[in-house]
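The values are calculated or read from the model by the stated rules, or taken from the named source; none is laboratory data. All values derive from a computational prediction rather than experimental measurement. For neighbour counting, all protein chains shown are included, and Cβ atoms are generated from backbone atoms with ideal geometry for every residue, glycine included. In case anyone asks, the SASA skips ligands and DNA or RNA and just uses the protein heavy atoms, side chains included. Shrake-Rupley method; radii C 1.70, N 1.55, O 1.52, S 1.80 Å.
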Amino acid sequence: MLITNKSLLSGLPNDVVDMLAGNAKKAGKAGWLLNLKATTTVPVMKYADNRDLRRELYLANSTKCMLGGEFDNRENIKKIVNIRLQIANLLGHKSFADYELVHRMAENKKNVYDLLNKLLVAYKPTAEKELAEVQAYADNNGAYFKLQAWDWAYYSEKLKNEKYAVNDEMTKPYFELEHVKKGVFGLATRLYGIKFTKNPSIPVYNPEVDAYDVTDENGKFLSVLYTDFHPRDGKRAGAWMSEFKGQHMIGKTDSRPHVTIVMNFTRPTSTKPALLTFDELTTFLHEFGHSLHGMLTKCTYESLSGTNVYRDFVELPSQVMENWGSEKEFLDGFAVNYLTNEKIPAELIEKIKASENFNNANLCLRQLSFGYLDMAWHSIEKPFDGDVIAYEKEAMASTQILPVISTVGMSPTFSHIFSGGYAAGYYSYKWAEVLDADAFSVFVKNGIFNKKIAASFRENILMRGGTEHPMTLYKRFRGQEPTIDALLKRNGIK
């Protein structure tokens with residue numbers, strides 16, 4: 001979408017405006033070019049003053065692959081869920097969820113729904129209070145309309161700024177990508193003693209990719225790590241970790257892994273280096289946690305090493321790393337202003353900490369809605385031939401507190417469950433969040449850089465892959481099964 005009137009971009013940060021101008025220039029056009037990549041949609045929904053622009057972008061982004069024609073995925077969804085049902089039936093199960101959950105930490109549908117329902121009951125009252133607070137703020141600032149999906153991020157961000165006096169533009173100068181890399185790599189050094197050395201002689205698949213030799217505290221080779229941070233044409237959106245080669249044993253020889261982490265962080269501009277939002281710092285920590293799982297593993301078989309674990313366990317090593325993101329002891333080690341070299345102020349860290357739970361209940365409901373939708377698609381016991389979007393609305397109904405828009409849909413672009421391996425497994429994010437809050441509480445109690453606790457996490461979780469049942473591994477580290485209490489306390493619910 002080409003914008004030629006700059007006033008329509010009122011409210012957007014300068015670096016976002018510069019990025020949009022760069023998009024237009026690259027396309028041989030004059031003005032500011034919007035696309036549906038997250039680097040555009042997220043800041044526009046959060047900052048653009050023009051409500052019509054937010055609405056247009058939201059509707060375009062939320063109706064992808066459901067407008068008819070060759071790229072409409074609704075018939076593909078029917079084919080996928082019905083074939084999965086056939087597979088499950090052939091193997092003696094009533095539904096695909098029944099088939100998948102046999103090899104999951106949750107074990108069955110009842111336990112999945114028990115978790116989703118417990119969290120829904122715990123968080124929904126707070127989510128409704130959050131909505132009422134944002135609505136009141138919008139009313140007091142001249143909105144005079146009921147908040148819609150395209151208003152939520154905009155007014156939430158303004159209220160957050162008013163309550164906590166903190167926003168992305170205040171924090172980004174302290175999260176220059178090169179500094180953040182040093183901080184994240186340094187965290188692994190403090191916890192596990194491992195070191196990262198850039199090796200330009202290792203072939204890479206794109207000039208923007210860096211390759212590192214990863215060694216342990218004794219200088220022994222552990223892994224190659226590839227990093228790929230910025231969006232480009234032809235590159236998939238989002239962030240992920242993957243392996244080019246998994247760890248395995250060949251006789252007595254330990255064949256070490258080649259691991260990659262991929263992000264889509266905003267590029268540097270002609271006037272600024274790549275500056276990350278706090279959410280992007282968290283994303284980096286998350287994917288880096290997956291990479292540690294892949295790099296520190298030591299198993300006999302590749303099919304069981306590293307991240308080859310039950311789907312609802314794989315997010316523990318990634319999500320637990322996010323906890324360090326707002327800890328002063330961690331941020332003090334690398335977060336300096338890219339212009340002045342001033343260390344991030346303690347009061348700004350306090351504001352980040354204070355704002356972490358802002359509208360967290362709504363974020364939880366959003367994740368629960370995806371979990372319920374996933375389970376609905378994969379719990380069918382008869383072939384599906386109904387209305388995809390109507391079925392979706394019914395599945396997500398209990399989690400919706402903003403007005404439901406009948407013309408938009410999640411399922412046609414829900415790549416996590418239809419092409420990303422999370423079929424009957426999206427609940428795993430919340431399952432693992434319970435685990436990560438419970439696990440990090442051990443670090444908090446004993447010191448967030450406690451080497452003894454880190455060694456136990458490495459020995460009992462990161463090294464073991466899928467060689468034992470994950471609950472056995474977790475109890476070996478924690479000494480007991482997890483409860484939701486630590487998560488409720490961390491989120492300010494309890």
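When you check Y422 against the structure, is it modelled with pLDDT under 95 and among the hydroxyl-bearing types (S, T, Y), yes or no?
Yes.
Given the options G294, G333, G325, name the one that is assigned to a helix (DSSP H, G or I) and either more than 19 Å from S242 (Cβ to Cβ) or free of Cβ contacts under 8 Å to residues at least 24 places away in the same chain (or both).
Numbers: G294 fails: either more than 19 Å from S242 (Cβ to Cβ) or free of Cβ contacts under 8 Å to residues at least 24 places away in the same chain (or both); G333 fails: assigned to a helix (DSSP H, G or I).
On inspection, the qualifying residue turns out to be G325.
Quick check: anything in the stretch 377-392 outside any loop (DSSP other than H, G, I, E, B), polar (S, T, N, Q) and farther than 29 Å from K182 by Cβ? No; the residues of the stretch 377-392 include none that is outside any loop (DSSP other than H, G, I, E, B), polar (S, T, N, Q) and farther than 29 Å from K182 by Cβ.
Among all positions in the stretch 71-78, there is no residue which is under 24 Å from the mean Cα position of the chain (by Cα) and more than 22 Å from D374 (Cβ to Cβ). Taking only the stretch 336-367 into account, find how many residues are in contact with a helix residue (DSSP H, G or I) (Cβ under 7 Å, 6 or more places away or on another chain), within 16 Å of K160 (Cβ to Cβ) and part of a loop (DSSP other than H, G, I, E, B). Residues in the stretch 336-367 being in contact with a helix residue (DSSP H, G or I) (Cβ under 7 Å, 6 or more places away or on another chain), within 16 Å of K160 (Cβ to Cβ) and part of a loop (DSSP other than H, G, I, E, B): 3 in total.
Looking only at the stretch 87-117, filter to residues that are in contact (Cβ under 8 Å) with a residue 40 or more places away in the chain and part of a loop (DSSP other than H, G, I, E, B); which one of those is most open to solvent (accessible area, probe 1.4 Å)? Taking the candidates together, the pick is K94.
Each row is one residue, and each column tells you yes or no for (1) surrounded by 15 or more Cβ atoms within 10 Å (Cβ to Cβ); (2) free of Cβ contacts under 8 Å to residues at least 60 places away in the same chain.
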{"residue": "P173", "(1), (2)": "yes, no"}
{"residue": "E178", "(1), (2)": "no, no"}
{"residue": "G186", "(1), (2)": "yes, no"}
{"residue": "K198", "(1), (2)": "no, yes"}
{"residue": "T215", "(1), (2)": "yes, yes"}
{"residue": "G219", "(1), (2)": "no, yes"}
{"residue": "A239", "(1), (2)": "yes, yes"}
{"residue": "S242", "(1), (2)": "yes, yes"}
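For the stretch 414-443, give me the residue count where each residue is surrounded by fewer than 16 Cβ atoms within 10 Å (Cβ to Cβ) and part of a helix (DSSP H, G or I).
So in the stretch 414-443, the residues surrounded by fewer than 16 Cβ atoms within 10 Å (Cβ to Cβ) come out as 415, 419-421.
In the following step, the residues that additionally are part of a helix (DSSP H, G or I) were identified as 415.
The total comes to 1.
Residue count for the stretch 444-465 satisfying the condition of being outside any helix (DSSP H, G or I) and either open to solvent by 20 Å² or more (accessible area, probe 1.4 Å) or not small (G, A, S) (or both): 6. Counting only residues that are in a loop (DSSP other than H, G, I, E, B) and acidic (D, E), which one in the stretch 49-71 is surrounded by the most Cβ atoms within 10 Å (Cβ to Cβ)? Only one residue fits best here, namely D49.
Scanning the stretch 469-494 for residues that are of a type in the set (G, A, S), closer than 30 Å to I352 by Cβ and part of a loop (DSSP other than H, G, I, E, B) gives a single hit, G492.
Counting just the residues of the stretch 403-413 that are assigned to a helix (DSSP H, G or I) and among the polar types (S, T, N, Q), which one comes out nearest to the chain's Cα centre (by Cα)? This residue is T413. Within the stretch 306-322, the residues that satisfy the criterion of being assigned to a loop (DSSP other than H, G, I, E, B) and either more than 12 Å from G465 (Cα to Cα) or open to solvent by 20 Å² or more (accessible area, probe 1.4 Å) (or both) are T307, N308, V309, Y310, R311, D312, E315. For the stretch 473-482, a tally of residues being of a type outside the set (F, W, Y) and open to solvent by less than 60 Å² (accessible area, probe 1.4 Å) returns 2.
So which of K489, K451 is among the basic types (K, R) and touching a residue at least 60 places away in the same chain (Cβ under 8 Å)? Steps first, please.
On the way: K489 fails: touching a residue at least 60 places away in the same chain (Cβ under 8 Å).
Just a single option satisfies the conditions, and that option is K451.
Going by the conditions given, is T283 open to solvent by 10 Å² or more (accessible area, probe 1.4 Å) and free of Cβ contacts under 8 Å to residues at least 60 places away in the same chain? So T283 fits the description; yes.
When the residues of the stretch 343-370 are filtered to those that are over 30 Å from F418 (Cβ atoms) and small (G, A, S), which remaining residue is least open to solvent (accessible area, probe 1.4 Å)? Write out each step before concluding.
Step one: list which residues in the stretch 343-370 are over 30 Å from F418 (Cβ atoms), which gives 343-358.
Filter again for small (G, A, S), leaving 346, 354-355.
Numbers: A346: 39, A354: 55, S355: 11 Å².
Here the residue is S355.
Would you check if K328 is under 27 Å from E433 (Cα atoms) and among the basic types (K, R)? Outline the logic, then answer.
Details: under 27 Å from E433 (Cα atoms): yes; among the basic types (K, R): yes.
When the stated conditions are applied, K328 passes them.
What number of residues within the stretch 22-41 are in contact with a helix residue (DSSP H, G or I) (Cβ under 9 Å, 6 or more places away or on another chain), crowded, with 17+ Cβ neighbours inside 10 Å and aliphatic (A, V, I, L, M)? Here the count works out to 2. Based on what the data block shows, is K235 surrounded by fewer than 15 Cβ atoms within 10 Å (Cβ to Cβ), over 30 Å from K343 (Cβ atoms), among the charged types (D, E, K, R) and modelled with pLDDT under 95? Spelling it out, K235 is indeed surrounded by fewer than 15 Cβ atoms within 10 Å (Cβ to Cβ), over 30 Å from K343 (Cβ atoms), among the charged types (D, E, K, R) and modelled with pLDDT under 95.
Which residues, counting only those in the stretch 24-56, are closer than 27 Å to G234 by Cβ and hydroxyl-bearing (S, T, Y)? Result: T39, T40, T41. When the stretch 483-494 is filtered for residues that are among the polar types (S, T, N, Q) and surrounded by fewer than 18 Cβ atoms within 10 Å (Cβ to Cβ), only T483 remains. Scanning the stretch 1-15 for residues that are surrounded by 14 or more Cβ atoms within 10 Å (Cβ to Cβ) and more than 13 Å from L53 (Cβ to Cβ) turns up P13, D15. Within the stretch 72-86, at least one residue is modelled with pLDDT of 95 or more and acidic (D, E). Considering the conditions (1) open to solvent by less than 30 Å² (accessible area, probe 1.4 Å); (2) modelled with pLDDT of 95 or more; (3) within 20 Å of D168 (Cα to Cα); (4) part of a helix (DSSP H, G or I), K46 is excluded by exactly one of them, (1).
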